[in-house]
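Scroll down for the structure; my scribbles are underneath it.
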Amino acid sequence: MRQIIIIGSGPAGYTAAIYAARANLKPLLIASSVEAGGELMNTTEVENFPGFPEAVMGPDLMFKMQAQAERFGTEIVLDDVVSIDLTGEIKKVTLGSGATHEALAVIFATGSAYRKLGLEDEERLSGHGVSWCATCDGFFFRQRTIAVIGGGDSAMEEANFLTRFADKVYVIHRRDSLRASKIMQDRAFANDKIEFIWNSEVVGIGGDEQVQNVTLRNLVTGEESELQLQGLFIAIGNDPRVHLVHGQLDLTAEGTIAVEGRSSKTNLPGVFAAGDVVDPTYRQAVTAAASGTVAALDAEHYLASLPQNLLDAAADGASGDLELTTTA
């Protein structure tokens, strides 16, 4: 049994691990088997994370956070959580490998997932011209005509990055103005390879084995038109990864895990949440990291309040299941 398990390996998860490890809580961090490091693994230059005046590549930042967490004693497992039981005093986490880990406290830092359009051919053409990650797939679109859907910072970053490869990048947006920050807007407007298609949505994706075109609907006139292109990058936001906690943790109207005020405390004792999974508004690497700090400190205070026999049983971070009979 462990003192603490952290689920998720983005800025929130790794920061929580750094603080928990430095507090000698010997955390176990469960990172995804295929998405370890979170969304920043798919990001190019990160210019707004403090301490990097010359910017830092997203994957480099995450590798540094991982190394820092491991330096202080965090154990990292590359596997996926398939089920959890948070209701008792001892929390149980089951992995895809079949292994089960127990802990007195759990921090959820599971982040968010790319939002999809919900179109019939979106999944069929995924990996065949439809993508949610410019840094992953941009190289394959050299001298092509492509489009980015969205109007926020992520969409502008994707569009600018893709101009390194593509001859032409359309930005398709439902409104007549962008949500992106001014600096990101200015960069996109100044890029000669980028052309904006306003007040429009994609209602169809065409192509047999590869994307060949999209069908656009003008939201002002209702008119539909066809745009010829070879790639479509979707950057319309993210949804919090909360499927593991349905029926156990309270959620907000936005679908994020509900926490008490500025704390990381959920509706269950010993269960905490941090990062994008609790934040529908800011969703920045630095705010996620700060949230991870809060979660680790809240968990540390919670553990200090538990009976000594529980703390003694978990102190060594022993592997394997322990059958304990305790009283609150």
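Residue under question is VAL202, and the condition is that it be aliphatic (A, V, I, L, M) and closer than 19 Å to GLY152 by Cβ; does it hold?
For VAL202, the condition - aliphatic (A, V, I, L, M) and closer than 19 Å to GLY152 by Cβ - is met.
If a residue has to be under 20 Å from the mean Cα position of the chain (by Cα) and at pLDDT 90 or above to count, how many in the stretch 113-146 make the cut?
Summing the residues that are under 20 Å from the mean Cα position of the chain (by Cα) and at pLDDT 90 or above in the stretch 113-146 gives 5.
For the stretch 118-150, enumerate the residues that are open to solvent by less than 10 Å² (accessible area, probe 1.4 Å) and farther than 22 Å from GLU35 by Cα.
ILE146, ALA147, VAL148, GLY150
Identify all residues within the stretch 268-284 that are crowded, with 24+ Cβ neighbours inside 10 Å and modelled with pLDDT under 95; write none if there are none.
Selection gives ASP276 alone.
Does the stretch 219-235 include one or more residues that are touching a Phe, Trp or Tyr at 6+ places or on another chain (Cβ under 6 Å) and of a type in the set (Gly, Ala, Ser)?
Yes: one or more hits.
Of everything in the stretch 155-188 that's among the polar types (S, T, N, Q) and within 26 Å of VAL220 (Cβ to Cβ), which residue is modelled with the lowest pLDDT?
Of everything passing the filter in the stretch 155-188, SER181 is modelled with the lowest pLDDT.
So for the stretch 257-264 (the condition being free of Cβ contacts under 8 Å to residues at least 40 places away in the same chain and touching a helix residue (DSSP H, G or I) at 6+ places or on another chain (Cβ under 8 Å)), does at least one residue qualify?
Yes, the stretch 257-264 has at least one match.
Taking the stretch 175-192 as the region of interest, how many residues are surrounded by 15 or more Cβ atoms within 10 Å (Cβ to Cβ) and either among the basic types (Lys, Arg) or outside any loop (DSSP other than H, G, I, E, B) (or both)?
Qualifying residue count, the stretch 175-192: 5.
So in the stretch 151-167, with the set limited to residues that are open to solvent by 20 Å² or more (accessible area, probe 1.4 Å) and in contact with a Lys or Arg (Cβ under 6 Å, 6 or more places away or on another chain), which one is farthest from GLU39 (Cα to Cα)?
PHE165
Scan the stretch 32-58 for residues that are of a type outside the set (D, E, K, R) and farther than 19 Å from ASN238 by Cα and jot them down.
Correct list: SER33, ASN48, PHE49, PRO50, GLY51, PHE52, PRO53, ALA55, VAL56, MET57.
Can you name the number of the only condition in (1) in contact with a helix residue (DSSP H, G or I) (Cβ under 7 Å, 6 or more places away or on another chain); (2) open to solvent by less than 30 Å² (accessible area, probe 1.4 Å); (3) not in a strand (DSSP E or B) that GLN68 fails?
Exception for GLN68: condition (2).
Condition check ((1) of a type in the set (Lys, Arg); (2) open to solvent by 30 Å² or more (accessible area, probe 1.4 Å); (3) within 13 Å of the chain's Cα centre (by Cα)) across all residues:
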residue: PRO11; (1), (2), (3): no, no, yes
residue: ALA23; (1), (2), (3): no, yes, no
residue: LEU29; (1), (2), (3): no, no, no
residue: PHE49; (1), (2), (3): no, yes, no
residue: VAL56; (1), (2), (3): no, no, no
residue: ASP60; (1), (2), (3): no, yes, no
residue: PHE72; (1), (2), (3): no, yes, no
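Of the conditions (1) among the acidic types (Asp, Glu); (2) surrounded by fewer than 21 Cβ atoms within 10 Å (Cβ to Cβ); (3) closer than 27 Å to ASP279 by Cα, GLU195 fails just one. Which one is it?
(3)
Here is a check on your reading of the model: is THR256 more than 19 Å from GLY88 (Cα to Cα), open to solvent by 30 Å² or more (accessible area, probe 1.4 Å) and of a type in the set (Ser, Thr, Tyr)?
no
When the residues of the stretch 86-99 are filtered to those that are touching a residue at least 40 places away in the same chain (Cβ under 8 Å) and open to solvent by 50 Å² or more (accessible area, probe 1.4 Å), which remaining residue is nearest to LEU249 (Cα to Cα)? Before the answer, list the steps.
From the stretch 86-99, those touching a residue at least 40 places away in the same chain (Cβ under 8 Å) are 86-87, 89-91, 93, 95-96; that's our starting set.
Remaining after also requiring open to solvent by 50 Å² or more (accessible area, probe 1.4 Å): 87, 89, 96.
Working: THR87: 10, GLU89: 15, GLY96: 22 Å.
By that ranking, first place goes to THR87.
The values are calculated or read from the model by the stated rules, or taken from the named source; none is laboratory data. Not measured: the values here are computed from a predicted model. Note: ideal-geometry Cβ built from the backbone for every residue, glycine included; neighbour counts use all protein chains shown. All accessible areas refer to the heavy atoms of the entire protein, side chains included, with ligands and DNA or RNA removed. Shrake-Rupley method; radii C 1.70, N 1.55, O 1.52, S 1.80 Å.
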